[in-house]
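The values are calculated or read from the model by the stated rules, or taken from the named source; none is laboratory data. Since the structure is predicted, the reported quantities are computational estimates derived from the model, not experimental observations. No Cβ is skipped: glycine too gets one built from the backbone with ideal geometry, and neighbour counts run over all protein chains shown.
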């Protein structure tokens, strides 16, 4: 949608409303999904949960490759259709049909190849998969179904149909959760198929979700327009390359633990299980970044004028970091309570939680820094940045993981995210300077670090009850300071964020 001249405050209120819709709903939906973490970490041992962690680190990698950057391309080219005028509805339908067609074709070919090469792939993945090659086939089917649905979901976001988007996602999560628990009650996880029932639950949920979203396509069939596709690929190819590198960078830490941890395969899978469980504890930060991305991507890739875009993005960056600091502090100060999310066998890795959270914060910062080159169609920068992160991940993993196991992987992830943020910022300063309020941002980061360090220093000298009381004071200090510093009208902000729900 092309925007008339609006103040940064008005634009941010619109972004807040969209983020609230995706946010509140996504938190509820994803919370249901994350109930599987305390469930699985109590019925599976570390090695078995390591298989779950391994598989669900590979699925996002396949999704990024097969989606080919078409989500961002869909948003950009529907906006371009509005800018060019003419028969906008027809042009948008053509963009939808083409992006949906190419992703669906890629997903189908992917499944056929994986099915045909099932045994060689299983052998490459390890002894567990050789014993159960059907795991690989089911995972390929899940990926295919999810890719078939990815562009219809993007269309809902582009059309502002946030509630339908969330309801369909909720359907998938609830069905997956219900089936997973039902399979456990039935004792299926104790059978020889074991962890495979986790995949069966996911497959059924993905299939039902795909069927449910088809009516929202308005009878548009996936059909590739070659001329349009060639233009889209010019835009999306760098995003595909960067997406592959970025997802590899985000999830390859699991593979590094699997293959570089000294000892047997069983010991490596146990380390992987602990690491995967602790990463799940950082769910709140992950959810916040996800809900922000769902709202911000179509928002910032729409038809803003250059200066409006800069003002809105700079303000959004400050508030994103402020919110992230509050979430970070809330989790690390009360990590003992968050540790209860996972089974007792997995809590030995709780010390890496602040590192994982800090990595997630930097990932959100990088997301904000990426909008300018997506908007300006200079997506080649995405490839440069993500390959830097991947190089850091690979280089440091061979040094730290063999020595420190999953703790080394956590530090590697933080270093890679930091490197991408630094280079993203350098490129932004050079090619598209933004009026970021670095002084205020630095102020919030420094205060968060100070309060966290005060808590850590006080811990050995206080009883657990007094320490928790201190942490309540420290968190309240940060929250009240932010409200005072930004002159936030809490009541007005809540009304703005919840406006669409109230109406």
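The residues listed here are 183, 165, 203, 193; of these, the one that is within 20 Å of residue 96 (Cβ to Cβ), touching a residue at least 12 places away in the same chain (Cβ under 8 Å) and either in contact with a helix residue (DSSP H, G or I) (Cβ under 6 Å, 6 or more places away or on another chain) or not in a helix (DSSP H, G or I) (or both) is 165. If you check 139, 200, 185 for being farther than 30 Å from residue 223 by Cβ, buried (at least 17 other Cβ atoms within 10 Å of the Cβ), modelled with pLDDT of 90 or more and out of contact with any strand residue (DSSP E or B) (no Cβ under 6 Å at 6 or more places or on another chain), only one passes: 200. In the stretch 408-421, is there at least one residue being over 30 Å from residue 472 (Cβ atoms) and either without any contact (Cβ under 8 Å) to a residue 24 or more places away in the chain or not in a helix (DSSP H, G or I) (or both)? Yes, the stretch 408-421 has at least one match. Among the candidates 318, 378, the residue that is closer than 26 Å to residue 443 by Cα and either modelled with pLDDT under 85 or part of a helix (DSSP H, G or I) (or both) is uniquely 318.
Do the conditions hold for residue 222, that is, is it more than 21 Å from residue 129 (Cβ to Cβ) and either assigned to a helix (DSSP H, G or I) or in contact with a strand residue (DSSP E or B) (Cβ under 8 Å, 6 or more places away or on another chain) (or both)? No; evaluated as a whole, the condition is false for this residue.
Against the test of being farther than 30 Å from residue 190 by Cα, at pLDDT 85 or above, within 20 Å of the chain's Cα centre (by Cα) and part of a helix (DSSP H, G or I), the options 22, 74 yield a single qualifying residue, 74. For the condition assigned to a helix (DSSP H, G or I), touching a residue at least 12 places away in the same chain (Cβ under 8 Å) and within 24 Å of the chain's Cα centre (by Cα), what is the one hit in 454, 468, 396? The conditions single out 396. Residues considered: 219, 226. Of these, the only one that is closer than 19 Å to residue 107 by Cα, surrounded by fewer than 15 Cβ atoms within 10 Å (Cβ to Cβ) and without any contact (Cβ under 8 Å) to a residue 24 or more places away in the chain is 226. Out of 154, 170, one residue alone is under 19 Å from the mean Cα position of the chain (by Cα), touching a residue at least 12 places away in the same chain (Cβ under 8 Å) and within 30 Å of residue 82 (Cα to Cα). It is 154. Can you confirm whether the stretch 343-355 contains a residue that is in contact with a helix residue (DSSP H, G or I) (Cβ under 8 Å, 6 or more places away or on another chain), at pLDDT 90 or above, surrounded by 18 or more Cβ atoms within 10 Å (Cβ to Cβ) and within 25 Å of residue 434 (Cβ to Cβ)? No, the stretch 343-355 contains no residue that is in contact with a helix residue (DSSP H, G or I) (Cβ under 8 Å, 6 or more places away or on another chain), at pLDDT 90 or above, surrounded by 18 or more Cβ atoms within 10 Å (Cβ to Cβ) and within 25 Å of residue 434 (Cβ to Cβ). Scanning the stretch 114-136 for residues that are at pLDDT below 85 and either in a helix (DSSP H, G or I) or out of contact with any helix residue (DSSP H, G or I) (no Cβ under 9 Å at 6 or more places or on another chain) (or both) yields 125, 127, 128.
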